[in-house]
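**Q** First the structure, then my questions, so here it is.
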Amino acid sequence: MTRIRFTHAVAAAAFTLALVSSSAAKAQSPITPPEKFFGFRLGSDRNIARWDRIVEYYRLIEKEAGGRIKVVDMGPSTMGNPFLLVVISSPDNISRLDHLRQVNAAISDPRGRTEQEIRKLVAEGRAVVCQSMSLHASEIGGTQMAPELAFDLVSRNDEETRRILDNVIFLLVPSFNPDGAIMVADYYKKTLGTPYEGGSLPWLYHKYVGHDNNRDAFQTNMVESQYMARILFRDWTPQAYADHHHMGSYGARIYIPPYAEPIRPLGDPLVWREMSWYGAHMAYKEEEANLSGVLNMAQYSGWGHFGFHWITPFHNIAGMLTESATTRMASPLFIHPNQLKGATRGLPEYEEQTTFPNPWPGGWWRLRDIVDRQKVSAWALLDLAARNRETVLWNAYLKALRQTERGAAGKPASFVIPRKQHDPLTAVKMINKLLLQGIEVQEAPRGFTTQGGIIYPPGSWVVPLAQPKMGLIRYLLGRTFYPDNEWTRARDGFPMRPYDMATDTMFEFMGVRVDPLDEPTPSGLRKLDAPVAAAGSVSSGASAYSLDGRLNDAFHAVNLLLDKGIAVRRAESAAGALQPGDFVVAAGRADDLAAIARATGVDFRPHQGGTQAREVKRLRIGMYQRYLGGNMDEGWTRFLLEQFAFPYKSVMDAELKKGNLNSSYDVIILPDDSTAALTGERTGERTGRFSRIEEEYPPEYRSGFGKEGVEALKTFVEKGGTLVTLAGASQFAIDKLELRVRNVVSGQSSKDFWCPGSTLRVISDTSNPIAWGMPENGLAVYLFGDGAFEISPSPHNDHYEVVVRYAGRDLLESGWLVGEQVIAKKAAVVKAAYGQGRVILYGISPQHRAQTHGTFKLLFNALVK
């Protein structure tokens with residue numbers, strides 16, 4: 001059989017013809033087209049529109065479009081740039097936006113309404129579709145495509161466009177990461193015409209978190225995540241959501257829904273069917289436009305981390321992503337046919353199959369190719385929702401109703417968060433995070449007693465499962481087990497790594513006690529309508545005050561006290577109400593104390609009598625920061641330190657190699673990283689998009705502190721400094737400082753030991769100052785590549801202290817663990833004396849993504865003397 005294959009040029013011509021009506025409409029439109037405003041066609045070679053100009057363009061067409069568009073500034077980004085929500089619909093819908101939002105909210109949570117009432121709301125309502133662009137700022141196609149998409153919607157007057165405008169409220173987030181969009185555009189312009197043109201940004205494309213901003217949907221630490229949570233989970237609850245991304249260059253040209261196996265259970269079946277439905281229409285429209293290389297139901301599994309497109313199904317939203325093959329920013333990339341490969345899931349070879357019927361043949365790949373494919377997929381989603389408005393809305397009702405019914409019929413019936421907690425202020429933070437997810441939380445003003453006789457004090461909280469977000473609640477507040485089956489193991493039996501974490505159990509990460517309750521939800525509860533306030537108080541008439549060292553926020557209060565020059569002491573032993581690790585503050589300067597109590601939520605309790613306590617000294621903290629694209633763990637740790645008011649300084653290679661570190665620092669933190677990345681022993685190593693680091697980054701951005709830095713760190717510790725090594729960086733300390741410690745998981749086959757992003761049971765030695773304030777039995781997050789330590793026999797065994805160890809059996813709380821016997825009873829945190837100083841090895845990730853509140857104190861205690 002002779003195969004007829006269109007060339008790339010013919011496919012592009014066909015796509016142009018398919019949109020001829022759009023071009024004709026543009027020619028007649030009084031609205032400024034993007035190419036006129038920006039001075040080039042978006043997606044054209046070596047051109048990137050900067051975010052500030054894109055903002056100007058949306059505000060311009062808002063004035064020109066006759067009521068079809070409303071630009072909402074949600075507030076400043078992390079670095080002060082506008083975070084926009086662009087709402088596009090018909091002028092009539094825009095004029096009634098608040099009313100239609102209320103209609104949509106009633107459909108999305110139909111409790112207390114009859115079916116007849118819902119049918120009236122469905123007849124009146126509009127399908128709500130949200131699409132976000134370039135969450136990962138180096139994946140520039142979405143943000144560059146979006147102005148064209150908006151222009152077409154506000155300027156075209158053909159039947160298809162009018163149908164979309166009349167039947168859909170389109171919530172467009174044109175840049176999920178405005179700060180990163182500016183960084184990427186500026187760096188690309190700087191390197192244009194140099195050997196490094198199109199290379200990766202040498203630092204994180206966000207002030208703190210870089211690529212990890214898509215891991216923040218369930219904890220919402222970043223302000224951008226909070227804006228998006230308001231849009232998706234509180235203000236609107238759209239029926240469909242698409243997040244437009246890029247992927248590697250050497251496979252399919254664009255991935256579109258649905259996901260591959262395995263899926264994450266507990267979502268309503270309709271939501272998974274909707275993803276297939278929308279994805280099929282996207283694929284159909286891509287092929288109609290003769291755009292090749294379209295892949296669906298492969299590569300990206302339905303069970304992923306709780307980022308925005310993977311958490312939304314449990315909000316009853318068809319949460320989807322597209323992934324376009326990336327290029328060198330706005331510079332074209334030539335790809336040979338034999339360089340094109342299949343994918344781990346669902347595409348064993350780069351050749352035709354039912355979900356990939358039209359492979360791209362290779363050749364030049366351009367940003368404009370990405371823009372074309374993303375634009376077709378974005379339009380197709382709007383088109384299908386518009387054609388099926390009432391079906392979409394009715395099924396939104398059915399999903400909410402059925403999930404509520406499942407929650408009411410199943411067990412547990414609810415989750416109880418007792419008011420009395422090891423760290424009650426962290427429990428309050430968790431409650432507020434649940435509220436931002438749009439989860440209903442109820443408070444028991446008078447407390448209650450269960451049928452089994454358990455007494456819950458006044459102020460305890462109850463989260464009933466009989467509500468539309470039942471599945472989400474089960475994952476955030478209940479134990480989770482990642483599947484171990486044929487979908488999650490390769491043909492040779494080796495485990496396939498999950499897409500990021502194997503669990504996202506909020507309560508375990510945060511160290512909050514949550515009790516499942518199988519009996520009916522107690523009566524007399526009050527629904528929370530606003531975030532819970534946690535303003536602390538200062539007892540009057542005391543000569544001194546104590547702060548509870550079990551509270552993470554006690555460290556925040558102490559840092560604020562030290563900022564004010566107020567002396568703080570720390571209890572070293574139990575005495576009366578004081579426990580080791582509690583803080584003691586002298587009375588006086590009442591206004592300052594009251595302000596700090598309000599800011600942190602910490603109570604200043606009256607303290608009587610003396611105790612053995614040492615003065616708290618402010619330690620000079622340095623944290624190693626590298627280039628090579630930046631280190632997300634470093635960024636998250638910076639963010640965490642700032643949240644709790646720990647002063648620190650970033651330490652770059654030059655300063656580290658110069659030595660004499662003790663003159664500037666008491667503590668140096670090495671974030672989670674490989675030894676090769678820390679030292680720079682990576683020359684010639686492949687980076688992925690280009691072949692070598694030397695081709696990716698200019699000389700000034702090729703990080704690594706080398707042998708000089710290793711010697712400087714040795715000297716720093718020998719002279720009394722503290723070296724804190726987080727997760728993977730512990731191996732650096734073991735090897736380079738020749739510690740008598742062995743990481744027992746190093747070199748293990750994944751068939752023998754496997755633990756990707758899980759919570760494990762640990763036991764803390766709470767008499768050790770590093771573990772002060774911790775519960776003796778608790779949980780810790782273990783990441784792929786973290787450590788479990790064994791102290792090797794030597795004459796200096798007494799130089800090593802086990803601060804935290806893994807439990808002896810039944811280690812797994814949530815996630816996926818193979819081979820628990822490998823790490824059972826082994827050390828998770830070790831403190832090693834080294835010269836006059838100390839090295840603290842963390843096999844776990846105590847501050848992971850600023851999410852693991854339950855183990856923050858294991859880090860904080862190392863930063864306070």
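The values are calculated or read from the model by the stated rules, or taken from the named source; none is laboratory data. From a predicted model like this one, the values you see are computed outputs, not experimental measurements. Heads up, the Cβs are rebuilt from the backbone with ideal geometry, glycines too, and the neighbour counts pull from every protein chain shown. Surface areas here come from the heavy atoms of the whole protein model, side chains and all, with no ligands, DNA or RNA. Shrake-Rupley method; radii C 1.70, N 1.55, O 1.52, S 1.80 Å.
**Q** Using beta carbons and a limit of 9 Å, which pairs, at least six apart or on different chains, have the first residue in the stretch 462-480 and assigned to a helix (DSSP H, G or I) and the second one open to solvent by 10 Å² or more (accessible area, probe 1.4 Å) and among the basic types (Lys, Arg)?
**A** As it stands, the answer is 470/406; 471/406; 476/433, since those pairs meet every condition given.
**Q** Which residue, of 803, 839, is over 22 Å from residue 719 (Cα atoms) and touching a Leu at 6+ places or on another chain (Cβ under 9 Å)?
**A** Only one candidate passes the filter, namely 803.
**Q** Quick check: anything in the stretch 386-400 open to solvent by less than 10 Å² (accessible area, probe 1.4 Å), in contact (Cβ under 8 Å) with a residue 60 or more places away in the chain and touching a Phe, Trp or Tyr at 6+ places or on another chain (Cβ under 7 Å)?
**A** No, every residue in the stretch 386-400 fails to be open to solvent by less than 10 Å² (accessible area, probe 1.4 Å), in contact (Cβ under 8 Å) with a residue 60 or more places away in the chain and touching a Phe, Trp or Tyr at 6+ places or on another chain (Cβ under 7 Å).
**Q** So how many residues does the stretch 321-350 have that are small (Gly, Ala, Ser) and buried (at least 22 other Cβ atoms within 10 Å of the Cβ)?
**A** The qualifying residues number 3.
**Q** Would you mind finding the one in 269, 265 that is at pLDDT 95 or above and touching a Phe, Trp or Tyr at 6+ places or on another chain (Cβ under 9 Å)?
**A** It is 265.
**Q** Give the residue that is surrounded by the most Cβ atoms within 10 Å (Cβ to Cβ), with candidates limited to residues of the stretch 758-790 that are more than 19 Å from residue 494 (Cα to Cα) and of a type in the set (S, T, N, Q).
**A** Looking at the filtered set, the residue picked out is 759.
Residue-by-condition table, conditions (1) within 23 Å of the chain's Cα centre (by Cα); (2) among the small types (Gly, Ala, Ser):
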| residue | (1), (2) |
| --- | --- |
| 298 | yes, yes |
| 302 | yes, yes |
| 305 | yes, no |
| 317 | yes, no |
| 347 | no, no |
| 355 | no, no |
| 366 | no, no |
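**Q** Which residues, counting only those in the stretch 211-239, are within 18 Å of residue 75 (Cα to Cα) and more than 16 Å from the chain's Cα centre (by Cα)?
**A** 231, 234, 235, 236
**Q** Answer yes or no as to whether residue 193 is of a type in the set (Gly, Ala, Ser) and without any contact (Cβ under 8 Å) to a residue 40 or more places away in the chain.
**A** yes
**Q** Here is a follow-up. Go through the stretch 534-545 and give me each residue that's touching a residue at least 12 places away in the same chain (Cβ under 8 Å) and surrounded by fewer than 16 Cβ atoms within 10 Å (Cβ to Cβ).
**A** Taking the stretch 534-545 as the starting set, the residues that turn out to be touching a residue at least 12 places away in the same chain (Cβ under 8 Å) are 534-539, 541-545.
Matches in the stretch 534-545: 535, 537, 539, 541, 543.
**Q** Another one. Can you name the condition, by its number, that residue 458 falls short on among (1) more than 30 Å from residue 123 (Cα to Cα); (2) in contact (Cβ under 8 Å) with a residue 60 or more places away in the chain; (3) out of contact with any Leu (no Cβ under 8 Å at 6 or more places or on another chain); (4) open to solvent by 20 Å² or more (accessible area, probe 1.4 Å)?
**A** Every listed condition holds for residue 458 apart from (2).
**Q** Restricted to the stretch 94-104, and to residues that are out of contact with any strand residue (DSSP E or B) (no Cβ under 6 Å at 6 or more places or on another chain) and open to solvent by less than 40 Å² (accessible area, probe 1.4 Å), which residue is farthest from residue 403 (Cα to Cα)?
**A** Our first condition is that a residue be out of contact with any strand residue (DSSP E or B) (no Cβ under 6 Å at 6 or more places or on another chain); within the stretch 94-104, this holds for 95-103.
Adding the requirement that they be open to solvent by less than 40 Å² (accessible area, probe 1.4 Å) leaves 97, 100, 103.
Working: 97: 27, 100: 23, 103: 20 Å.
Residue satisfying both the conditions and the ranking: 97.
**Q** Still on this structure, please answer the following. Among 383, 372, which is the only one that is open to solvent by less than 20 Å² (accessible area, probe 1.4 Å), in contact with a Phe, Trp or Tyr (Cβ under 9 Å, 6 or more places away or on another chain) and charged (D, E, K, R)?
**A** From the options 383, 372, the qualifying one is 372.
**Q** Related question: Pairs, please: C-beta under 7 Å, at least 6 apart or cross-chain, first residue of a type in the set (Asp, Glu) and in the stretch 342-364, second open to solvent by 20 Å² or more (accessible area, probe 1.4 Å) and assigned to a loop (DSSP other than H, G, I, E, B)?
**A** 349/342
**Q** So, in the stretch 105-122, exactly how many residues are open to solvent by less than 60 Å² (accessible area, probe 1.4 Å) and closer than 15 Å to residue 391 by Cβ?
**A** Of the residues in the stretch 105-122, 4 are open to solvent by less than 60 Å² (accessible area, probe 1.4 Å) and closer than 15 Å to residue 391 by Cβ.
**Q** Restricting attention to the stretch 63-76, which residues are surrounded by 18 or more Cβ atoms within 10 Å (Cβ to Cβ) and free of Cβ contacts under 8 Å to residues at least 24 places away in the same chain?
**A** Listed by number, the list holds a single entry, 71.
**Q** Residue check, residue 306 against (1) in a loop (DSSP other than H, G, I, E, B); (2) open to solvent by 10 Å² or more (accessible area, probe 1.4 Å), all met but one. Which one?
**A** Just one mismatch for residue 306, condition (2).
**Q** hydroxyl-bearing (Ser, Thr, Tyr) and closer than 30 Å to residue 104 by Cβ: does that describe residue 237? Let's see the steps before the verdict.
**A** Details: hydroxyl-bearing (Ser, Thr, Tyr): yes; closer than 30 Å to residue 104 by Cβ: yes.
Answer is yes for this residue.
**Q** Another question about this same structure. What residue, of 851, 847, 821, is at pLDDT 95 or above and open to solvent by 50 Å² or more (accessible area, probe 1.4 Å)?
**A** 821
**Q** From the residues in the stretch 156-184 that are open to solvent by 10 Å² or more (accessible area, probe 1.4 Å) and not charged (D, E, K, R), which one is farthest from residue 55 (Cα to Cα)?
**A** 167
**Q** Could you look through the stretch 499-517, keep only residues that are modelled with pLDDT of 95 or more and either among the acidic types (Asp, Glu) or surrounded by fewer than 16 Cβ atoms within 10 Å (Cβ to Cβ) (or both), and pick out the one that is nearest to residue 482 (Cα to Cα)?
**A** Per the stated criteria, the residue is 504.
**Q** Restricting the search to the stretch 185-196, which residues are of a type outside the set (Gly, Ala, Ser) and either open to solvent by less than 20 Å² (accessible area, probe 1.4 Å) or more than 26 Å from residue 700 (Cα to Cα) (or both)?
**A** Taking the stretch 185-196 first, the residues of a type outside the set (Gly, Ala, Ser) are 186-192, 194-196.
Hits for the stretch 185-196 are 187, 188, 191.
**Q** With respect to residue 254, is the statement that it is under 15 Å from residue 130 (Cα atoms) and open to solvent by less than 10 Å² (accessible area, probe 1.4 Å) true?
**A** Values: under 15 Å from residue 130 (Cα atoms): no; open to solvent by less than 10 Å² (accessible area, probe 1.4 Å): yes.
Answer is no for this residue.
**Q** Can you tell me which condition residue 79 does not meet? The list is (1) out of contact with any strand residue (DSSP E or B) (no Cβ under 7 Å at 6 or more places or on another chain); (2) open to solvent by 30 Å² or more (accessible area, probe 1.4 Å); (3) within 27 Å of residue 97 (Cα to Cα); (4) not hydroxyl-bearing (Ser, Thr, Tyr), and all the others hold.
**A** Among (1) out of contact with any strand residue (DSSP E or B) (no Cβ under 7 Å at 6 or more places or on another chain); (2) open to solvent by 30 Å² or more (accessible area, probe 1.4 Å); (3) within 27 Å of residue 97 (Cα to Cα); (4) not hydroxyl-bearing (Ser, Thr, Tyr), the lone unmet condition for residue 79 is (3).
**Q** Which one of these is outside any loop (DSSP other than H, G, I, E, B), within 25 Å of residue 395 (Cβ to Cβ) and touching an Asp or Glu at 6+ places or on another chain (Cβ under 7 Å): 284, 278, 255?
**A** Going through 284, 278, 255 in turn, just one is outside any loop (DSSP other than H, G, I, E, B), within 25 Å of residue 395 (Cβ to Cβ) and touching an Asp or Glu at 6+ places or on another chain (Cβ under 7 Å): 255.
**Q** Anything in the stretch 270-303 that is in contact with a Ser or Thr (Cβ under 8 Å, 6 or more places away or on another chain), open to solvent by 20 Å² or more (accessible area, probe 1.4 Å) and closer than 12 Å to residue 259 by Cα? List them, or say none.
**A** The answer is 296, 297, 299.
**Q** Could you list all residues from the stretch 737-757 that are more than 25 Å from residue 818 (Cα to Cα) and open to solvent by 60 Å² or more (accessible area, probe 1.4 Å)?
**A** 738, 740, listed by residue number.
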